[in-house]
Each structure stands twice: as structure tokens, then as C-alpha cells.
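Enquirer: Starting off with a structure, shown below.
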Amino acid sequence: MRRSTINLTPTERAGRIAIGGAGAIAGLLLLASASGALAVVLLVLLVLAGLDLVVTGALGHCPLYAKLGHFPRSLTPGH
């Protein structure tokens, strides 16, 4: 299996992990008391988005950035 290139700065990685973790935990806590179907769907989406941020932050690779060709200047050699 080929390892993806790191295309997130250390600051962005930490931010993604912190914000994603907070979103996932808040979504899970609110999901315990949700009653309507729409609320449950939206909270599940919040949890999934939070987990996505945690995973991309931990791996250091954002597939969307790769697809768009975004690469931070601070990670390029010589900067």
C-alpha cells in the first residue's frame, strides 16, 4: 500500500484534529438526546464530518487538496 504525501501543515493538522474531535464528541452527546429524524440525520453528519477531520489531520493528507493541486508553500523543499 502506497503512503499518501503529507499536504497539511502541522498547525492545520492539529487544528483539524482538535476541531474534528470536538465536533464528533458534541455530535455524539447531542445525538443521545435527539428526538426528530432530521435532528438525528444532521447530528450523524456532524459526527462523520468530525471524524473525517480527525482522520485527515492524523494522516496529514487531504484528498481534496490533492485533487485540487493545493500544496502549502511551507511544505515545499527550499521554503
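The values are calculated or read from the model by the stated rules, or taken from the named source; none is laboratory data. Keep in mind the model is a prediction, meaning the values are calculated, not measured. Cβ: placed from backbone, ideal geometry, glycine included. Neighbour counts: every protein chain shown. Accessible surface areas use protein heavy atoms only, side chains included; no ligands, DNA or RNA. Shrake-Rupley method; radii C 1.70, N 1.55, O 1.52, S 1.80 Å.
Enquirer: Would region 11-32 turn up any residue that is surrounded by 13 or more Cβ atoms within 10 Å (Cβ to Cβ) and assigned to a loop (DSSP other than H, G, I, E, B)? Outline the logic, then answer.
Expert: First pass over region 11-32, keeping only residues surrounded by 13 or more Cβ atoms within 10 Å (Cβ to Cβ): 12-13, 15-24, 26-28, 30-31.
Applying the additional criterion that residues be assigned to a loop (DSSP other than H, G, I, E, B) yields none.
The answer is no; no qualifying residue exists.
Enquirer: I'm checking my understanding of the structure. Among residues of region 64-79 that are touching a residue at least 12 places away in the same chain (Cβ under 8 Å) and assigned to a helix (DSSP H, G or I), which one is nearest to residue 19 (Cα to Cα)?
Expert: Applying the first criterion (touching a residue at least 12 places away in the same chain (Cβ under 8 Å)) to region 64-79 yields 65-66, 70-72, 74-75.
Restricting the remaining residues to those that are assigned to a helix (DSSP H, G or I) gives 65-66, 74-75.
Values: 65: 18, 66: 21, 74: 22, 75: 22 Å.
Filtering first and then ranking leaves 65.
Enquirer: Here is a follow-up. Need the failing condition index for residue 54 against (1) open to solvent by 50 Å² or more (accessible area, probe 1.4 Å); (2) free of Cβ contacts under 8 Å to residues at least 40 places away in the same chain, just the number.
Expert: (1)
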